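Each remark here refers to the structure printed beneath this line.
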Amino acid sequence: KALEIARKNKIIGAPLDAKVMIYGNEDNIKFIKSCESDLKSALIVSDIEILSDGQGEYSSDQLEGISVTILHADGNKCERCWEYSNSVGTNDKYSTLCSRCASIIEKQDKDQESTITEEVVEETEEK
């Protein structure tokens, strides 16, 4: 719901534009942190920050002790995954990609080079 409101208020255009700041009490924070690695994917956002101090802009009667604030994510948009990241532009060869996507493409390039090399060697041995 908070993402919808942020979109309506033009804070974000799409969920991947968002950084979600989650505020909660001690018990809630423990649970949220146990799910932290999956939250970004589940919410389809670029970044999540979990905080025990403070109060977010949006809260729900259904989730007592939890509130959130939606901000525009920091960094630049990755052309491959569309997530915003401060690592976009740090790889000279893949300057429009985040570091995660750049490493995936680099691995694919190396695998492709290995396959081509193996094919050339096989063709040479057959002759």
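The values are calculated or read from the model by the stated rules, or taken from the named source; none is laboratory data. Since the structure is predicted, the reported quantities are computational estimates derived from the model, not experimental observations. Glycine also receives a Cβ, built like all others from the backbone with ideal geometry; neighbour counts cover every protein chain displayed. To get the accessible areas, we keep the full protein, side chains included, count just its heavy atoms, and leave off ligands, DNA and RNA. Shrake-Rupley method; radii C 1.70, N 1.55, O 1.52, S 1.80 Å.
Can you tell me which residue within region 1-45, out of those that are more than 10 Å from H72 (Cα to Cα), touching a Phe, Trp or Tyr at 6+ places or on another chain (Cβ under 9 Å) and not hydrophobic (A, V, I, L, M, F, W, C), is modelled with the lowest pLDDT?
My answer is K1.
Please determine, by comparing only the residues of region 95-111 that are out of contact with any Ser or Thr (no Cβ under 9 Å at 6 or more places or on another chain) and not in a helix (DSSP H, G or I), which one is nearest to A2 (Cα to Cα).
Going through the qualifying residues, I end up with T96.
So, of the residues in region 1-38 that are hydrophobic (A, V, I, L, M, F, W, C) and more than 19 Å from Q55 (Cα to Cα), which turns out to be surrounded by the most Cβ atoms within 10 Å (Cβ to Cβ)?
I12
I'm trying to understand the selection: among the residues of region 44-62, which are open to solvent by 70 Å² or more (accessible area, probe 1.4 Å) and not charged (D, E, K, R)?
Passing the criteria: I44, S52, Q55, S59, Q62.
Among (1) touching a strand residue (DSSP E or B) at 6+ places or on another chain (Cβ under 6 Å); (2) under 24 Å from C81 (Cα atoms), where does A42 come up short?
Here A42 clears every test but (1).
What's the number of the only condition in (1) assigned to a helix (DSSP H, G or I); (2) in contact (Cβ under 8 Å) with a residue 40 or more places away in the chain that I32 fails to meet?
(2)
Can you go through I48, I22 and tell me which one is within 25 Å of S99 (Cβ to Cβ), in a strand (DSSP E or B) and touching a residue at least 40 places away in the same chain (Cβ under 8 Å)?
Going through I48, I22 in turn, just one is within 25 Å of S99 (Cβ to Cβ), in a strand (DSSP E or B) and touching a residue at least 40 places away in the same chain (Cβ under 8 Å): I22.
Can you find a residue that is surrounded by 11 or more Cβ atoms within 10 Å (Cβ to Cβ), in a helix (DSSP H, G or I) and among the basic types (K, R) anywhere in region 66-80?
No, region 66-80 has no match at all.
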